[in-house]
1. Counting only residues that are in contact (Cβ under 8 Å) with a residue 24 or more places away in the chain and either assigned to a strand (DSSP E or B) or small (Gly, Ala, Ser) (or both), how many does the range 1-35 have?
2. Of all the residues that make up the range 1-20, how many are modelled with pLDDT of 95 or more and more than 15 Å from Ala104 (Cβ to Cβ)?
3. Looking only at the range 63-113, how many residues end up being assigned to a strand (DSSP E or B) and small (Gly, Ala, Ser)?
4. Being charged (D, E, K, R), without any contact (Cβ under 8 Å) to a residue 24 or more places away in the chain and either closer than 20 Å to Glu111 by Cβ or open to solvent by 30 Å² or more (accessible area, probe 1.4 Å) (or both): is that true of Asp38 here?
5. If I ask for residues that are polar (S, T, N, Q) and under 26 Å from Val29 (Cβ atoms), which ones from the range 64-90 would you list?
6. Ala43 is checked against (1) in a helix (DSSP H, G or I); (2) farther than 24 Å from His2 by Cα; (3) among the hydrophobic types (A, V, I, L, M, F, W, C) and fails just one. What number does that condition carry?
7. Mind listing just one residue for me: the one in the range 53-108 that is free of Cβ contacts under 8 Å to residues at least 60 places away in the same chain, at negative phi and among the acidic types (Asp, Glu) and, of those, surrounded by the fewest Cβ atoms within 10 Å (Cβ to Cβ)?
8. Considering the range 41-52 alone, what residues qualify as being surrounded by fewer than 21 Cβ atoms within 10 Å (Cβ to Cβ) and either closer than 13 Å to Arg106 by Cβ or touching a residue at least 40 places away in the same chain (Cβ under 8 Å) (or both)?
Amino acid sequence: MHELSLCMNAAEIIREQAQEHGIRQVTDVWLEIGALADVEESALRFAFDIACRDTVAQGCTLHIDIIPAQAWCWDCSRAVSVMQHATACPHCHGEHLRVSDGDALRVKSLEGE
């Protein structure tokens, strides 16, 4: 379950940012997840609760934004956004795509007291 590993890393980033900005209790966290990260949202939410236990982020509200992956279509020479692996170009339906990102998890922002 790589969701737990991702959440442990996110919890450490949240802890560092909260400490740097004098936040005693994190109330909300926004994560951006690449569409190709192969993350199961329910597993991620469960793992996030575990990773944040006994930290400044315990009990915070988790907001998740799924971000499309960026790719280049070799058939029509266009930059395209894709939401899943092994997909066709949304413009020409060609299958020769070079994906450049879309598999990362990023702590976008957080709020707290």
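1. Residues that pass the stated criteria total 13.
2. 10
3. 6
4. no
5. Selection gives Gln70, Ser81, Gln84.
6. (2)
7. Asp65
8. To start, the set of residues in the range 41-52 that are surrounded by fewer than 21 Cβ atoms within 10 Å (Cβ to Cβ) comprises 41-43, 45-46, 49-50.
Ala43, Phe46, Ile50, listed by residue number.
The values are calculated or read from the model by the stated rules, or taken from the named source; none is laboratory data. Computed from a predicted model, the values in this text were never measured in an experiment. Please note: Cβ atoms are built from the backbone with ideal geometry, for glycine as well, and neighbour counts cover all protein chains shown. The area values use the complete protein model at the heavy-atom level, side chains included, leaving out ligands, DNA and RNA. Shrake-Rupley method; radii C 1.70, N 1.55, O 1.52, S 1.80 Å.
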